[in-house]
Structures are given as C-alpha cells and as structure tokens.
Amino acid sequence: MSETTARRDADAVLRARAEIDLAALRANVRALRERAPGAALMAVVKADAYGHGALPCARAAVAAGATWLGTATPQEALALRAAEPGLPDDVRIMCWLWTPGGPWREAVEARLDVSVSAMWAMEEVVEAARAAGVPARVQLKADTGLGRGGCQPGADWEELVGAALRAEEEGLLRVTGLWSHFACADEPGHPSIAAQLTRFREMTAYAEREGLRPEVRHIANSPATLTLPDAHFDLVRPGIAMYGVSPSPEIGTPADFGLRPVMTLAASLALVKQVPGGHGVSYGHHYTTPGETTLGLVPLGYADGIPRHASSSGPVLVDGKWRTVAGRIAMDQFVVDLGGDRPGPGAEAVLFGPGDRGEPTAEDWAQAAGTIAYEIVTRIGSRVPRVYVNE
C-alpha cells in the first residue's frame with residue numbers, strides 16, 4: 001500500500017467517509033429498467049455521479065444493463081471516454097451543456113453524442129466534424145416547455161432540422177437522437193406534463209417527416225421514468241433515482257419504487273466533553289445548553305458540503321440515538337448535544353444513509369435545510385473520501 005493510499009484510508013477511518021454501495025446502485029438500475037422495459041436506459045453520471053463518483057458508478061450502471069451514459073459538460077464525457085481501464089466500446093456517452101468555443105472536435109473524435117439546440121451549435125459541430133474528418137453524432141434538443149436549453153418550436157426548430165438534414169447529406173453528422181426535458185414531472189398531474197408530451201410528439205414527428213431517422217427519442221428523467229410510462233419512448237434518463245433517492249417526496253419514497261440509497265455519510269467524533277448548563281455552542285451562540293450535558297464534535301462542515309442552512313436542525317445518529325446539530329454548522333465542524341451520553345472519541349456519527357439502522361436519510365437533511373435531496377448528496381465535497389463497497 002502506498003503512503004498516499006494509507007493516508008487516504010486512515011482519513012476515511014479517523015475523520016469522515018462517504019460509503020458508496022455499488023451493489024445498491026446496480027440493483028437500482030435493474031429496478032429502473034423494469035419500470036421501462038421497452039426502452040434503453042441512460043445512466044446519468046453528471047456532477048461526478050451526483051457526488052458518488054462518476055467512473056465507479058458508470059461501470060456499475062453498465063454492468064447492470066445501462067447502454068448509455070449521460071453527462072452535462074463535454075469535459076465530464078471526455079473524461080469517461082478516456083478512462084483506464086476503459087468502458088465497453090459500445091457504451092454511448094452523451095453530453096448536453098455546451099457553450100460557444102467548446103471542445104467540439106475532441107468530442108467528435110471521441111465518438112460522443114453531442115446535444116445541439118441552436119444554430120450556433122450546429123455551425124460549430126459541423127465545422128468540427130469537417131476538421132476531424134469524422135461524422136459527428138448529434139442529438140437535437142427541443143424546448144417543449146422547460147424554458148432552458150433546447151430549440152423553440154416553429155421556425156427555429158424547422159431551421160435547425162433543415163440544417164441537420166443538409167449536414168447529414170454532406171456526411172458531416174448523423175442525427176442520433178431527438179430529445180427534451182420535463183419541467184414538472186415530479187409534480188403528479190401538473191398540466192405542463194401533458195402539454196410537453198404533446199409538443200414533443202409534434203416536434204419529433206415534424207423532424208421525422210422531413211427525413212431525420214433518429215436512433216432514440218427521449219424525454220423521461222427520474223420522475224418520468226418512475227411514474228409516466230407514456231413518456232418512456234426509446235430511452236429513459238434516470239439521474240437521482242439511480243442513486244436511490246426519490247425525485248420528490250410527493251411521488252413516493254425510494255422503497256416505494258424498489259430503490260435503495262447508495263451513499264452513507266459518516267464521521268468519527270473528534271471530541272466528547274462535559275459542559276455546564278448555559279454554555280454557548282458554536283458561532284453566535286444560537287444554541288445554549290439547557291443544563292449540564294455532553295457535547296460531541298463532528299469533523300464535517302460546510303466546506304465538506306454540509307449545508308449551513310441545517311444549523312440547529314440537521315439530524316445525526318450517534319450511539320444509536322438521533323441527535324440534532326447544536327448551533328451553527330461551521331466550515332469544518334459542527335456540534336451535537338449528546339444529552340449526557342458519553343460515547344468515546346472516534347465513535348461513529350452517521351449523518352445519512354439508507355435508514356436501515358435508524359439513521360437519517362438524505363431526504364431528512366433536505367427537509368432540515370429547506371432544499372432537495374439532490375443537493376444534499378451532490379454537494380458532498382472532495383475532501384470526504386469515497387469508499388466503494390460491493391464492487
């Protein structure tokens with residue numbers, strides 16, 4: 001074992017760790033495939049796989065039957081394609097968040113599927129394909145109502161489709177997909193869902209009437225994969241659900257869909273001490289001990305991704321009991337009131353996990369911080385080691 005590895009392993013034991021259960025991830029992918037049996041599955045591994053580690057999670061997802069991988073930035077996709085040992089050659093990798101002057105040629109040469117939703121992007125990818133001498137793999141994105149990326153219906157879409165057809169005729173690109181993204185699929189019954197599906201069908205039908213023959217049409221994110229069979233088309237793109245987190249409490253818990261949280265975040269108590277009543281705790285003394293008690297110091301803070309908005313409310317399991325953050329969460333640490341209990345220094349403090357041992361979940365932290373569980377897992381920082389189990 002190298003000195004660097006030894007230090008990393010020691011840090012994982014002595015300070016904090018994010019344990020990533022790859023068996024749970026593989027099982028989640030299989031459960032999601034069962035939800036959409038007629039569609040291929042794209043495992044979305046953007047943002048370092050929502051904080052879980054892009055390459056290990058990509059490999060686990062592919063092993064469980066994912067045939068596509070999805071990233072936001074081209075840099076994320078290029079890193080996956082260049083990984084050693086590599087992913088299977090037949091795994092498609094798509095990236096969709098482009099800005100002018102991006103690495104189009106590198107993406108074309110790496111056989112990435114690139115999203116195009118405006119004429120400037122079409123012009124840049126065509127130029128890159130001409131320079132590379134390789135046809136680009138292009139997916140046209142339609143704005144069906146989300147109002148972010150994507151081409152507007154009507155004249156803009158018609159112009160983009162026409163440009164794609166001309167470039168195909170020149171052998172400069174192949175339109176491999178037509179796609180869009182939901183705005184409110186996590187709100188069952190929201191009227192925008194049906195409206196977006198109608199618009200997506202209209203826009204893809206126009207493109208196909210004009211002569212495009214995409215390999216896949218896709219619009220289904222995690223909530224649509226779980227609850228909207230009519231939205232599955234040829235490919236589904238689960239993101240947060242793959243990591244065992246529900247897209248929204250309103251549509252159900254992970255267990256309702258046969259999913260299991262993949263990440264467990266834990267730390268070792270750095271200090272346990274007895275203090276008198278009336279003792280201020282952490283910055284601003286927003287918490288004062290109600291009586292003589294014991295305090296435990298958890299060596300994680302907002303520099304590690306623990307949300308400061310969860311000060312005085314974030315839940316932690318210590319010594320078999322739920323505790324609550326006492327006072328403000330600082331950059332590197334926070335305190336829990338142990339109520340007189342005296343676990344030894346080094347005792348485990350579990351911030352969130354699957355909930356099997358009575359520990360909080362990422363959703364509990366989201367509620368405490370007034371945010372969504374996506375943010376809780378994704379923001380866990382790089383100085384928290386990822387420890388992979390069940391590889």
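The values are calculated or read from the model by the stated rules, or taken from the named source; none is laboratory data. This is a predicted model, so every value here is computed, not measured. Every residue, glycine among them, receives a Cβ derived from its backbone with ideal geometry; neighbour counts consider all protein chains shown. What goes into the accessible areas is simple: the full protein's heavy atoms, side chains included, and nothing from ligands, DNA or RNA. Shrake-Rupley method; radii C 1.70, N 1.55, O 1.52, S 1.80 Å.
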task = Could you tell me whether Leu41 is open to solvent by 10 Å² or more (accessible area, probe 1.4 Å), modelled with pLDDT of 95 or more and not in a helix (DSSP H, G or I)?
result = no
ask   = What is the residue count in the stretch 200-219 for residues that are crowded, with 19+ Cβ neighbours inside 10 Å and either among the basic types (Lys, Arg) or touching a Gly at 6+ places or on another chain (Cβ under 6 Å) (or both)?
value = 3
query = Quick one: is Val245 open to solvent by 10 Å² or more (accessible area, probe 1.4 Å), modelled with pLDDT of 95 or more and more than 21 Å from Val45 (Cα to Cα)?
reply = no
inquiry  = Given the condition modelled with pLDDT of 95 or more, in a loop (DSSP other than H, G, I, E, B) and over 18 Å from the mean Cα position of the chain (by Cα), answer yes or no: does some residue in the stretch 69-76 qualify?
reply    = no
ask   = Given the conditions (1) more than 20 Å from Thr371 (Cα to Cα); (2) open to solvent by less than 40 Å² (accessible area, probe 1.4 Å); (3) of a type in the set (A, V, I, L, M); (4) under 20 Å from the mean Cα position of the chain (by Cα), which single one is not true for Val281?
value = (4)
request  = Within the stretch 125-149, count every residue that is assigned to a strand (DSSP E or B) and open to solvent by less than 30 Å² (accessible area, probe 1.4 Å).
outcome  = 6
request  = Confirm whether Ser180 is within 23 Å of the chain's Cα centre (by Cα), under 18 Å from Ile372 (Cα atoms) and without any contact (Cβ under 8 Å) to a residue 40 or more places away in the chain.
outcome  = no
note = Among the residues of the stretch 77-106, the number that are in a helix (DSSP H, G or I), under 21 Å from Ala40 (Cβ atoms) and among the hydrophobic types (A, V, I, L, M, F, W, C) is 2
query = Got at least one residue in the stretch 184-199 being of a type in the set (Gly, Ala, Ser), part of a loop (DSSP other than H, G, I, E, B) and touching a strand residue (DSSP E or B) at 6+ places or on another chain (Cβ under 9 Å)?
reply = yes
Residue identified as modelled with pLDDT under 95 and either open to solvent by 10 Å² or more (accessible area, probe 1.4 Å) or not hydroxyl-bearing (Ser, Thr, Tyr) (or both) among Pro307, Pro345, Pro276, Pro315 = Pro345
